[in-house]
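Peer 1: For reference, the structure I am asking about is given below.
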Amino acid sequence: MDISTDPSQIQLDVVYPWLRGSYWSPDIRRDVVERAFANSVVAGAYLDGVQVGVARAATDRATFAWLCDVFVAPAHRGGGIASKLVRALIEHPELATLRRWVLGTRDAHAVYAPFGFRAADPAIFMVYAPEVSRWQAA
């Protein structure tokens, strides 16, 4: 298993269907995924050159990052790939000194807790979510 933070290795033909079918970005358009990955720090997991996992940090590279799009192909889950991807981003030279990371998850709390992620105070967080159709595929 190889973990890389080289953005040129991301296989969008593999990654895009994963994200389009995920609960957090259903039906997202490919151009939106391409733009998101181009403007983020990314990590990929590869087995024999085939992408089996991905993670992305949307960040200003100075103080803050949103950890997102962490996905491991179903056949490769349970082997610690997600944790390796998260570690690759947290330890990335451009991100290692950030003062705050956040993320959202319905079901993977156990992946993030060992890194120090904890439940946030919901009273201080707000969300603005404009009409979903702006980024969904027709």
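The values are calculated or read from the model by the stated rules, or taken from the named source; none is laboratory data. Just so you know, these numbers come straight off a predicted model, no measurement behind them. Virtual Cβ from ideal backbone geometry, glycine too; neighbours counted across all protein chains shown.
Peer 1: Where residues in the stretch 100-138 are of a type in the set (D, E, K, R) and either within 15 Å of TRP24 (Cα to Cα) or surrounded by 12 or more Cβ atoms within 10 Å (Cβ to Cβ) (or both), which of them is modelled with the lowest pLDDT? Spell out the reasoning first.
Peer 2: Step one: of the stretch 100-138, the residues of a type in the set (D, E, K, R) are 100, 106-107, 118, 121, 131, 134.
The next check asks that each one be either within 15 Å of TRP24 (Cα to Cα) or surrounded by 12 or more Cβ atoms within 10 Å (Cβ to Cβ) (or both); those that pass are 106-107, 131, 134.
Numbers: ARG106: 92, ASP107: 91, GLU131: 67, ARG134: 62.
Per the criteria, the residue is ARG134.
Peer 1: Follow-up question, since we're still on this one. Picking from ALA57, ALA38, ALA65, which residue would you name as being touching a helix residue (DSSP H, G or I) at 6+ places or on another chain (Cβ under 6 Å) and either of a type in the set (S, T, N, Q) or closer than 22 Å to VAL102 by Cα (or both)?
Peer 2: None of the other options fit; the residue is ALA57.
Peer 1: Would you check which residues across the stretch 1-40 are of a type in the set (Phe, Trp, Tyr) and either farther than 22 Å from ASP60 by Cβ or buried (at least 17 other Cβ atoms within 10 Å of the Cβ) (or both) and list them?
Peer 2: Hits for the stretch 1-40 are TYR16, TRP18, TYR23, PHE37.
Peer 1: So, one more: So, in the stretch 3-52, how many residues would count as being closer than 22 Å to ALA75 by Cβ and either in contact (Cβ under 8 Å) with a residue 12 or more places away in the chain or of a type in the set (Phe, Trp, Tyr) (or both)?
Peer 2: Matching residues across the stretch 3-52 total 27.
Peer 1: Using the structure shown, decide if ALA58 is small (Gly, Ala, Ser) and touching a residue at least 24 places away in the same chain (Cβ under 8 Å).
Peer 2: no
Peer 1: Let me ask you something else. With the condition kept exactly as written, say whether any residue in the stretch 61-68 is out of contact with any Leu (no Cβ under 8 Å at 6 or more places or on another chain), assigned to a loop (DSSP other than H, G, I, E, B) and either touching a residue at least 60 places away in the same chain (Cβ under 8 Å) or farther than 15 Å from SER4 by Cβ (or both).
Peer 2: The answer is no, given that none of the residues of the stretch 61-68 is out of contact with any Leu (no Cβ under 8 Å at 6 or more places or on another chain), assigned to a loop (DSSP other than H, G, I, E, B) and either touching a residue at least 60 places away in the same chain (Cβ under 8 Å) or farther than 15 Å from SER4 by Cβ (or both).
Peer 1: Please indicate, with yes or no, whether at least one residue in the stretch 41-52 is closer than 20 Å to VAL127 by Cα and either out of contact with any helix residue (DSSP H, G or I) (no Cβ under 9 Å at 6 or more places or on another chain) or at pLDDT 95 or above (or both).
Peer 2: No: zero hits.
Peer 1: For the stretch 1-45, give me the residue count where each residue is part of a strand (DSSP E or B) and touching a Ser or Thr at 6+ places or on another chain (Cβ under 7 Å).
Peer 2: Final tally of qualifying residues: 4.
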